[in-house]
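Trainee: This is the structure, below, for whatever I ask next.
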Amino acid sequence: QANLPRLVDLGSTTCTSCKRMAPILQELKAELQGKVNVEFIDVAVKTEAADQYGIRAIPTQIFFDAAGKEVARHEGFMPREDLLAQLEKMGVAVK
């Protein structure tokens, strides 16, 4: 869906922190459907994505507003409550 804020998580299926992020992202994707687009990019498969997004470490979460502008970035494991807090700060109704 266009014109929605986006949460992009760049990682791989093999890194420990990435594996811990996976179920959280799946939950958020289901819970916030129609409010925010949640996307996972496996940089081991799509190696060009690391350059495209300027990734230095995985996992990296990048938050984009509805206009597609990057508003926040976090490297490493990001707990569910922190993800929700950032989305809320961007105006996403997470409750």
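The values are calculated or read from the model by the stated rules, or taken from the named source; none is laboratory data. Fair warning: this is a prediction, and the values are worked out from it, not measured in the lab. As a convention, Cβ positions derive from the backbone with ideal geometry for all residues, glycine included, and neighbour counts pool all protein chains shown. Calculation scope for accessible area: heavy atoms of the full protein, side chains included, ligands and nucleic acids excluded. Shrake-Rupley method; radii C 1.70, N 1.55, O 1.52, S 1.80 Å.
Trainee: Is it fair to say Ala22 is in contact with a Phe, Trp or Tyr (Cβ under 9 Å, 6 or more places away or on another chain) and aliphatic (A, V, I, L, M)?
Mentor: Taking the combined requirement at face value, the residue satisfies it.
Trainee: When you scan segment 73-92, do you find a residue that is among the aliphatic types (A, V, I, L, M), in contact with a strand residue (DSSP E or B) (Cβ under 8 Å, 6 or more places away or on another chain) and open to solvent by 60 Å² or more (accessible area, probe 1.4 Å), even just one?
Mentor: no
Trainee: Being among the acidic types (Asp, Glu), open to solvent by less than 60 Å² (accessible area, probe 1.4 Å) and either in contact (Cβ under 8 Å) with a residue 40 or more places away in the chain or touching a Phe, Trp or Tyr at 6+ places or on another chain (Cβ under 8 Å) (or both) is the requirement here; does Asp42 meet it?
Mentor: Criteria not met by Asp42.
Trainee: While we're on this one: Test of understanding: among Ala57, Ala66, which residue is among the hydrophobic types (A, V, I, L, M, F, W, C), within 14 Å of Asp9 (Cα to Cα) and either open to solvent by 30 Å² or more (accessible area, probe 1.4 Å) or in contact with a Pro (Cβ under 8 Å, 6 or more places away or on another chain) (or both)?
Mentor: Ala57
Trainee: Further question on the same structure: Out of the residues in segment 12-25 meeting the condition of being under 14 Å from Gln61 (Cα atoms) and without any contact (Cβ under 8 Å) to a residue 40 or more places away in the chain, tell me which one is surrounded by the most Cβ atoms within 10 Å (Cβ to Cβ).
Mentor: Leu25
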